[in-house]
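Novice: Provided herewith is a single structure, encoded as structure tokens, for subsequent inquiry.
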Ligand SMILES: [Fe+2]
Ligand SMILES: [Fe+2]
């Protein structure tokens with residue numbers, strides 16, 4: 001999508017404030033800007049699927065790249081804003097036996113979207129497993145955005161209940177399908193991310209239909225409801241709010257995430273050391 005850079009910078013507070021933001025704050029500010037634009041104008045401003053396809057060869061990386069792996073990788077639009085560093089940053093080392101909290105502090109921070117989603121679940125008195133699922137629902141995106149629901153569920157399945165893994169896996173497909181009974185509508189922002197004439201492919205529809213009939217449908221649906229309202233770049237939520245829930249519902253391996261020989265240990269190592277060349 002051709003984003004009008006100068007207009008966006010002015011709209012999100014000018015060049016100085018854009019420079020002061022970290023990468024994630026910038027990406028979120030752009031999303032908020034686009035949602036505001038949508039409120040003010042018709043969705044017809046959104047590109048078509050063909051427009052987005054035509055942009056593929058203008059990019060230096062693909063839009064499905066994991067957020068840790070490229071400048072601009074945090075944004076679903078694959079856009080680097082002026083003021084954003086031109087190169088990736090050197091990452092701090094993790095402790096020898098890293099915990100989920102270590103990963104949050106040293107790899108996922110500031111994780112505003114995750115924290116805001118989980119905080120919303122907490123304040124709406126949703127159960128602890130749903131709060132945890134909201135906190136973890138997009139972690140797959142650090143590795144790869146394409147099919148992040150499935151990647152995230154695979155990453156987390158050894159450490160959470162099957163219901164939490166189910167909710168994380170299916171939230172991705174559910175995002176495309178409204179459920180008026182709980183006030184969930186198709187996200188207008190998806191017209192920009194996927195194209196205004198986008199139709200989800202058959203495997204996404206099949207996943208939705210499977211989930212719709214499943215006893216844990218509402219667990220996955222609650223993630224999508226909290227998802228919708230969790231893109232405020234100014235929202236700061238303290239990770240410590242969730243320490244107890246993580247302690248009760250996340251099976252932290254004593255060897256550390258990445259070193260416990262679980263089926264997803266290699267995925268944690270990739271997040272831990274994304275600069276390893278092979
Ligand atoms: Fe997601
Ligand atoms: Fe999300």
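Novice: Using a 10 angstrom cutoff on alpha carbons, build the Gaussian network for the chain and name the most mobile of 98, 180, 76.
Specialist: Among 98, 180, 76, the largest mean-square fluctuation in the Gaussian network model of the chain belongs to 180.
Novice: Here's a follow-up. Taking the C-alpha atoms of segment 148-252, how large are the radius of gyration and the largest Cα-Cα span, Dmax, in Å?
Specialist: So, for segment 148-252, Rg and Dmax equal 15.0, 44 Å respectively.
Novice: Once you put a point 7 Å from the Cα of residue 251 and another 7 Å from the Cα of residue 185, both along the Cβ direction, what distance in nm separates them?
Specialist: Simple spin-label model gives 4.2 nm for this pair.
Novice: To continue, here is another question. Can you tell me the length gained on complete extension of the stretch residue 124 to residue 244, counting 0.36 nm per residue apart and subtracting the Cα distance?
Specialist: Once the chain is fully extended between residue 124 and residue 244, it gains 41.4 nm.
Novice: Next question. Can you tell me the length gained on complete extension of the stretch residue 70 to residue 89, counting 0.36 nm per residue apart and subtracting the Cα distance?
Specialist: Residue separation times 0.36 nm, minus the Cα-Cα distance, leaves 5.9 nm.
Novice: Rounded to the nearest 500, what is the chain's calculated 222 nm mean residue ellipticity when only DSSP H runs of at least 4 contribute -39500 (n - 2.57) each, over all residues?
Specialist: Helix contribution divided over all residues of the chain: -13000 deg cm²/dmol.
Novice: Here's another thing I want to ask about it. For 218, 21, what ranking results if the residue with the fewest other Cβ atoms within 10 Å of its Cβ goes first?
Specialist: Starting with the residue having the fewest Cβ neighbours, the order is 218, 21.
Novice: Once you have a ≥ b ≥ c as the square roots of the Cα gyration tensor eigenvalues for segment 49-206, tell me rounded if a/c is under 1.5, and otherwise prolate or oblate according to whether a/b is larger than b/c.
Specialist: Because a/c hits 1.5 or more and a/b fails to exceed b/c, segment 49-206 counts as oblate.
Novice: Any idea what log10 I(q)/I(0) is at q = 0.08, 0.11 Å⁻¹ for the chain, Debye with uniform C-alpha scatterers and no solvent?
Specialist: Log10 I(q)/I(0), no solvent term: -0.32, -0.64.
Novice: Still on this structure, I have one more. Which of 59, 80, 212 moves most in a GNM of the chain, Cα contacts under 10 Å?
Specialist: Maximum among the listed residues: 59.
None of the figures in this text is laboratory data; all of them are computed from the coordinates on show. These numbers were taken from a predicted model, which means no experiment stands behind them. Reconstructed Cβ throughout: ideal geometry from the backbone, glycine too, with neighbour counts over all protein chains shown.
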